[in-house]
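Beneath this line is the structure, given in structure tokens, with notes to follow.
The values are calculated or read from the model by the stated rules, or taken from the named source; none is laboratory data. Nothing here was measured: the structure is a model prediction, and the numbers come from that model. With ideal geometry, Cβ positions are generated from the backbone for all residues, glycine too; neighbour counts draw on all protein chains shown.
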Amino acid sequence: MDLKAYIRDIPDFPKPGIIFKDITPLLKSPEAFRAAIDELAARYKNQGITQVVAIESRGFIFGAALAYAIGAGIVPVRKVGKLPAATFRETYELEYGTDSVEIHQDAITSDDKVVVLDDVIATGGTLAAACRLVRSSGGTIHEAVTIIELTFLNGREKLNGVPFHALISY
């Protein structure tokens, strides 16, 4: 299935000059959503993945479905202050400052083989921070994956050697 057919361009969002790649039409289509999850599940099934680390918020949608499909757990990476127990925090650079994400300190162990998932990789800051959280927790990253990669922003370069895969590239 051509998943690109289910991605909508929204010009000038969130600011003028940006063309936002909207995944909500893909989510709305049972066939397209199933195809995306099936493609991911085929890639990671029988690979010994124990946890899918999913980044807030759209990563949760794909991450939960993938974790279920491959028989893994799901670990949320959230914005600061959203997790109730002790956390590890990673800060990353934005175009206009910094932001941070957190993971529970007991979410990943040295026995875990992890896929780190987000909906889109643009500049790579959020995904790279999530990968650092997994590594600082002792887990092994099998691969980082996104539904969409905006290749012209070179985000995968920030992943510092973490294997990377995207279902759709622009």
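Remarks
- Residue pairs whose Cβ atoms lie under 9 Å apart, separated by 6 or more positions or on different chains, with the first residue in region 84-112 and in contact (Cβ under 8 Å) with a residue 40 or more places away in the chain and under 17 Å from A54 (Cα atoms) and the second of a type in the set (F, W, Y) and surrounded by 12 or more Cβ atoms within 10 Å (Cβ to Cβ), are V101/Y92; I103/F88; A107/F88.
- Residues in region 111-152 that are hydroxyl-bearing (S, T, Y), farther than 21 Å from F88 by Cα and either under 11 Å from the mean Cα position of the chain (by Cα) or modelled with pLDDT of 95 or more (or both): T146, T151.
- Each residue in region 8-51 was checked for being farther than 30 Å from Y96 by Cβ and not in a loop (DSSP other than H, G, I, E, B), and 17 of them qualify.
- Test: residue in region 61-75 that is part of a strand (DSSP E or B) and either under 20 Å from L150 (Cα atoms) or touching a residue at least 40 places away in the same chain (Cβ under 8 Å) (or both): no
- Within region 151-165, residues that are under 8 Å from A122 (Cα atoms) reach partners that are loosely packed, with under 14 Cβ neighbours inside 10 Å with beta carbons closer than 8 Å, at six or more positions or on different chains, in the pairs T151/S169.
- When V134, V120, V145 are checked against the criterion of being touching a His at 6+ places or on another chain (Cβ under 8 Å) and in contact (Cβ under 8 Å) with a residue 60 or more places away in the chain, V145 stands alone in meeting it.
- Among the residues making up region 115-129, those that are of a type in the set (A, V, I, L, M), assigned to a strand (DSSP E or B) and out of contact with any Cys (no Cβ under 8 Å at 6 or more places or on another chain) are V115, L117, V120, I121.
- Just one residue in the set A65, A32, A54 is crowded, with 17+ Cβ neighbours inside 10 Å, at pLDDT 95 or above, touching a Phe, Trp or Tyr at 6+ places or on another chain (Cβ under 7 Å) and under 18 Å from V115 (Cβ atoms); that residue is A54.
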